[in-house]
Amino acid sequence: MIRTRFQRLAALAALLLGAAPLPAQTPWPTTRWAAASPREVGLNAAVLDSIDAEIRAGRYGYVDRLLVIRRGRLAYDRRYRQDYDRAYGDSARTGEVLRSHDRTGPYNYFSAWWHPYYRRGDLHTLQSVTKTITSIVIGVAATRGEFPSVDTPVLSFFDTTGIANLDDRKRKMTIRHLLTMTAGMDWHENRPFTDTANTTLGLERSYDWIRFTLDRPMSDEPGARFVYNSGASQLLAHIFYRATGKDIEEYAARHLFTPLGIRDWHWKRTPSGLADTEGGLYLASEDVAKLWYLFLQGGRWEGKQVVSGDWVRASLAPAIDVDGRPGGASYGYKWWLYPNPTAPGKTMWAGSGFGGQIPIAIPEDDLIVVINQWNIFPGQPSLPTGATLRRILNAVDRSR
């Protein structure tokens, strides 16, 4: 109450003296996101409602949630109920791909007990958005002085005596190469996840994900080329434990989730017991948005530097062009970086997960959009992320 009175008196004094008013305080959604109407935060509600109507009409398959936050306030939140037992139940029992060791386990992606919601609750699978959050946790540890330089060789954390296909290129591989998808391993994840030649299906069907990944032959010099590689992200779970002496989930719970008010999550484990840092995290959409908001605030939360500004800048700096051509998508420390169509030369920061998990921040508009879907068959209709985002950007009133 004293603080509120002081703020009112200060604002009145500023008006009387002709001075500029005090800047608005940064809203912190530690307990919950403050709500606002789209109009209050400069968004055209009709545009958002048109997207919502198309989703409800079934045009985009299985969409679970659309959440829009601007200026730190929740302006649009729509949830969509889907019958996943009916949608994928037969495949859960009979499908030979998109599942690992058994039909009832957490890597059967058709099973409604595990996907897209954890045990039919509110936590949604994030799939490869987990990779981005793993990078954030590493950044927290680096900020606290508990994680080594990203230029540390990967093999310094492993016993190399039994590693297959060991050569000079593998010895040169560093943590930075794992973070930027430039490890140089022979990996084929660009195939559909219904294709048994997809390397990640082999990873998830194996019992030792670390051994599976480390034994892969090298195809390139580390750092030379972007090749999407989930196994490289899984190596970070082992490296994190060896570097810090802490399990990465426990560390995240204490030093990242708790300060941001994230109280509920689930993190799947590999058969060997490591946290699945390539795709195993479940969070509610509003909590995913908190992590993106943390980066919009330069790594600060309620006056505390949770992640250093240096780590935030390094994470969001384009490290490699995704398609080998400048001007398109690029990649940072597990962050997808896309050109902002409304701000030439600026980038939007995103995660991207199997089935349609897209959290994205547009810093120029102080805007966060989170989309959750579960469209997992090739050719299945889904919410077109690029076109939808352009519509939302066109709904922003930048004059206010």
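The values are calculated or read from the model by the stated rules, or taken from the named source; none is laboratory data. It should be emphasised that the depicted structure is a prediction, and the values quoted were computed from it without experimental measurement. For neighbour counting, all protein chains shown are included, and Cβ atoms are generated from backbone atoms with ideal geometry for every residue, glycine included.
Tabulated results
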| read-out | value |
| --- | --- |
| Some residue of the range 245-257 being more than 18 Å from the chain's Cα centre (by Cα), buried (at least 20 other Cβ atoms within 10 Å of the Cβ) and among the aromatic types (Phe, Trp, Tyr) | no |
| Pick from the range 108-139, criterion assigned to a helix (DSSP H, G or I), in contact with a strand residue (DSSP E or B) (Cβ under 7 Å, 6 or more places away or on another chain) and hydrophobic (A, V, I, L, M, F, W, C), ranking: surrounded by the most Cβ atoms within 10 Å (Cβ to Cβ) | 129 |
| Helices (runs of 4 or more DSSP H) enclosed by the range 1-107 - at least 1 residues per element that are surrounded by 19 or more Cβ atoms within 10 Å (Cβ to Cβ), touching a Phe, Trp or Tyr at 6+ places or on another chain (Cβ under 8 Å) and at pLDDT 95 or above | 45-56, 84-94 |
| Which listed residue is more than 18 Å from residue 135 (Cα to Cα), modelled with pLDDT of 95 or more and either touching a Ser or Thr at 6+ places or on another chain (Cβ under 6 Å) or among the polar types (S, T, N, Q) (or both), from 273, 261, 332 | 261 |
| Boolean, residue 112 is small (Gly, Ala, Ser), free of Cβ contacts under 8 Å to residues at least 60 places away in the same chain and closer than 25 Å to residue 287 by Cβ | yes |
| Close pairs (6 angstrom Cβ cut-off, 6 or more residues apart or separate chains): within 21 Å of residue 89 (Cβ to Cβ) and of a type in the set (S, T, N, Q) in the range 115-131, buried (at least 22 other Cβ atoms within 10 Å of the Cβ) and modelled with pLDDT under 95 anywhere | none |
| Residue within the range 219-231 that is part of a loop (DSSP other than H, G, I, E, B) and on the phi > 0 side of the Ramachandran plot present | yes |
| Number of positions in the range 342-362 that are in contact with a helix residue (DSSP H, G or I) (Cβ under 6 Å, 6 or more places away or on another chain) and more than 27 Å from residue 114 (Cα to Cα) | 4 |
| Residue check, residue 214 over 17 Å from residue 135 (Cβ atoms), hydrophobic (A, V, I, L, M, F, W, C) and crowded, with 22+ Cβ neighbours inside 10 Å | yes |
| Lone qualifier among 286, 278 - being more than 18 Å from residue 336 (Cα to Cα) and among the acidic types (Asp, Glu) | 286 |
| Strands (runs of 3 or more DSSP E) (entirely within the range 282-400) containing at least 2 residues that are buried (at least 19 other Cβ atoms within 10 Å of the Cβ) and on the phi > 0 side of the Ramachandran plot | none |
| Residue that is nearest to the chain's Cα centre (by Cα), among those in the range 153-175 that are at negative phi and assigned to a loop (DSSP other than H, G, I, E, B) | 173 |
| Complete set of residues in the range 135-192 that are touching a Leu at 6+ places or on another chain (Cβ under 7 Å) and of a type in the set (Ser, Thr, Tyr) | 135, 160 |
| Residue check, residue 72 out of contact with any Lys or Arg (no Cβ under 7 Å at 6 or more places or on another chain) and without any contact (Cβ under 8 Å) to a residue 60 or more places away in the chain | no |
| Positions within the range 120-146 being of a type in the set (Lys, Arg) and more than 21 Å from residue 337 (Cβ to Cβ), in sequence order | 120, 144 |
| First in the range 360-376 and touching a residue at least 60 places away in the same chain (Cβ under 8 Å), second anywhere and of a type in the set (Phe, Trp, Tyr) and part of a strand (DSSP E or B), Cβ under 8 Å, 6 or more apart | 360/338; 360/349; 361/349; 363/349 |
| Among (1) within 28 Å of residue 380 (Cα to Cα); (2) part of a helix (DSSP H, G or I); (3) modelled with pLDDT of 95 or more; (4) aliphatic (A, V, I, L, M) - the single one residue 201 does not satisfy | (3) |
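Here's the yes/no breakdown for (1) in a loop (DSSP other than H, G, I, E, B); (2) surrounded by fewer than 17 Cβ atoms within 10 Å (Cβ to Cβ); (3) touching a strand residue (DSSP E or B) at 6+ places or on another chain (Cβ under 9 Å):
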| residue | (1), (2), (3) |
| --- | --- |
| 151 | yes, yes, yes |
| 177 | no, no, no |
| 181 | yes, no, yes |
| 193 | yes, no, no |
